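The values are calculated or read from the model by the stated rules, or taken from the named source; none is laboratory data. Keep in mind it's a predicted model, so treat the numbers as computed, not measured. Using ideal geometry, Cβ is built from the backbone for each residue, glycine included, and neighbour counts are taken over all protein chains shown.
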Amino acid sequence: MTNIHDVAAYITQRFTGPISTMKLQKLTYFSQGWTLALLGRPLFEEQFSAWTRGPVAYALYNEHRGLYSVSDWRRGDANAVSDEERVVIDAVLSNYGALSGAELSDLTHRRDTPWAEARARVGAIEGAPANETIDREAMTRYFRRSFDHRPELA
């Protein structure tokens, strides 16, 4: 199975210049969500936590901590991403790639998102830190529902 570092390597390879670490985090999150909804399986095993600024994967954070942006992701192997997975990731990049990290974060902060559900489970108020894991089943439901409302995305 592809791991989150392989996906990060693939995503950074698709950009011609540096990508903010916030944007990378959110694009991997959306890639996981779309894969859960469209392929019925996870893209990678790593989990996301419901941090103040949106979903964050510790596996990525531990590698980019202290950096604002990255130009490549040496820990991963973009070639490990299957053709089927590339189609999904490319669709995510086509739909969200032009948005900034902050704009992507705003999309994850809507009331009915898995991020909001995870924070509500622990009673985290807006702006307060939280470490709650975002439930993968909640992601599957949310992204499937998103495709039900916007079939042109699928």
- line: Being part of a helix (DSSP H, G or I), exposed (fewer than 15 other Cβ atoms within 10 Å of the Cβ) and in contact (Cβ under 8 Å) with a residue 12 or more places away in the chain narrows ALA102, ALA120 down to just ALA102
- request: Could you list all residues from region 24-73 that are under 14 Å from THR140 (Cα atoms), of a type in the set (A, V, I, L, M, F, W, C) and in a helix (DSSP H, G or I)?
  value: PHE30, TRP34, LEU36, ALA37, LEU38, LEU39
message: Looking at region 35-55, I want the residues that are on the phi > 0 side of the Ramachandran plot and crowded, with 17+ Cβ neighbours inside 10 Å and have a partner that is assigned to a helix (DSSP H, G or I) and aromatic (Phe, Trp, Tyr) with Cβ atoms under 8 Å, at least 6 apart or on another chain. Which pairs are those?
response: GLY54/TYR29; GLY54/TRP115
- prompt: Do you know which residues across region 48-63 are modelled with pLDDT under 95 and in contact with a Ser or Thr (Cβ under 6 Å, 6 or more places away or on another chain)?
  reply: ARG53, GLY54
task: Could you tell me which residue of region 105-117 is farthest from ARG144 (Cα to Cα), considering only residues that are assigned to a helix (DSSP H, G or I) and of a type outside the set (Gly, Ala, Ser)?
output: ASP106
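Can you tell me which residue is surrounded by the most Cβ atoms within 10 Å (Cβ to Cβ) among those in region 80-92 that are in a helix (DSSP H, G or I) and touching a residue at least 60 places away in the same chain (Cβ under 8 Å)? Before you say what the answer is, go through the steps one by one.
First, pick out the residues of region 80-92 that are in a helix (DSSP H, G or I): 80, 83-92.
With touching a residue at least 60 places away in the same chain (Cβ under 8 Å) added as a condition, the list becomes 80, 85-86, 89-92.
Working: ALA80: 15, GLU85: 21, ARG86: 13, ILE89: 24, ASP90: 15, ALA91: 16, VAL92: 21.
Out of the qualifying residues, it is ILE89.
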- request: Name the residue, out of PHE30, PHE44, PHE48, that is farther than 23 Å from ARG110 by Cβ and under 12 Å from the mean Cα position of the chain (by Cα).
  value: PHE44
- request: Six or more apart or on different chains, Cβ under 7 Å: which pairs go from a residue in region 1-15 that's crowded, with 21+ Cβ neighbours inside 10 Å and basic (Lys, Arg) to one that's at pLDDT 95 or above and not in a loop (DSSP other than H, G, I, E, B)? Could you list them?
  value: none
